[in-house]
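I have placed the structure first, in the form of structure tokens, so that the comments after it can refer back to it.
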Amino acid sequence: MMDEQNFGGLIPENHTGKKTDASFTEDYKSKEEAYTAYKAAKERLLNISQWHSYAGSGTADFKLTDARGAPVNRLAREGDHFRINIPGPGSDTGDGYDWVQIQAIQESSNPELDQELVAITVQPASNPQNEKRDVAHFFKDIASSTFIVQRRALQVSAEVHGRNEQPNTNTEKIIDKARNMLVAAGAILGLSEIQWKSLTKGLIKP
């Protein structure tokens, strides 16, 4: 797992609620092999609509959209949203989906450590396809998820770091309040770790 001090501030501090960490690392025999693997994993990370195919059956389905919620067929950009179709009951506010917005896409390199990475940070968001202001996600909007692919010398890894994860009960709809409590409880008990472990492995070894 990466040393967060190498890229200060990349992963938010956990001030409240649960934090989740998942990672997968693969070693390579040469720098050329490691760089090729990193480049491929980086593109998979940014190809959000294919995450389900990398993570495998039984995991959530992801669809990248632009800032207005229109599906797009391209790599992710800052300001984009993506909708998440998790196994189980969907969000009424989100028209059946949970929604997040990409707050930042960052790339960093450290020649001294022979290290490079790309990271996507997202936060729960309202549904951009309607005018409802409620957050359409089972976590509150103070939560964040940071998805990282990095190469350090001959190692390539993928990581997910969830922070400040609390059930979203700040919604007007009673049905969503109950649903969010149920889904968030499952995530906090470990279902999200299973999801992210499958994704991190799939980003490196699809």
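Since every read-out is calculated from the coordinates, none of them should be taken as a lab result. Not measured: the values here are computed from a predicted model. Note: ideal-geometry Cβ built from the backbone for every residue, glycine included; neighbour counts use all protein chains shown.
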- Item | Integer Hz, Karplus 6.51/-1.76/1.60 couplings in order for region 67-81, x for Gly and Pro | 5, 9, x, 7, x, 10, 10, 6, 6, 5, 9, 4, x, 5, 10
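Loop-only check: which chymotrypsin sites (Phe, Trp or Tyr not before Pro) in region 109-166 are DSSP coil with at most 15 other Cβ within 10 angstrom?
Listed in order of number, the matching sites amount to none.
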- Could you tell me which of Gln155, Tyr28, Ser49 has its Cα farthest along the dipole of the chain towards the positive end, charges placed at Cβ (Lys, Arg +1; Asp, Glu -1), taken about the Cα centre? Ser49
- Express in nm, to one decimal, how much length is gained between Thr25 and Thr169 on full extension, taking 0.36 nm for each residue of separation and deducting their alpha carbon distance. 48.2 nm
- Note on the structure: Counting Lys and Arg as +1 and Asp and Glu as -1 over every other residue whose Cβ sits under 12 Å from the Cβ of Lys18, the net charge comes to 0
- Query: Taking H as built 1.01 Å from N, whose amide H comes closer than 5 Å to the amide H of Asp21, not counting residues under 5 places away?
  - Reply: Gly162
- Message: Explain nothing, just compute: Karplus ³J(HN,Hα) = 6.51 cos²θ - 1.76 cosθ + 1.60, θ = phi - 60°, for every residue of region 199-206 in order, whole Hz, x for Gly and Pro.
- Response: 5, 4, 5, x, 5, 8, 10, x
- Message: Using only the Cα atoms of region 17-204, what semi-axes does the equivalent ellipsoid have when each is the square root of 5 times a gyration tensor eigenvalue? Give whole Å, largest first.
- Response: 30, 17, 14
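When the dipole is taken about the Cα centre of the chain, and only Lys, Arg (+1) and Asp, Glu (-1) are charged at their Cβ, what size is it in debye, to the nearest 20?
400 debye
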- From phi via Karplus (6.51, -1.76, 1.60), per-residue ³J(HN,Hα) for region 172-182 in Hz, x at Gly/Pro: 6, 7, 4, 5, 6, 4, 5, 4, 5, 4, 5
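Neighbouring Cβ atoms within 10 Å as the yardstick, rank His15, His137 fewest first.
His15, His137
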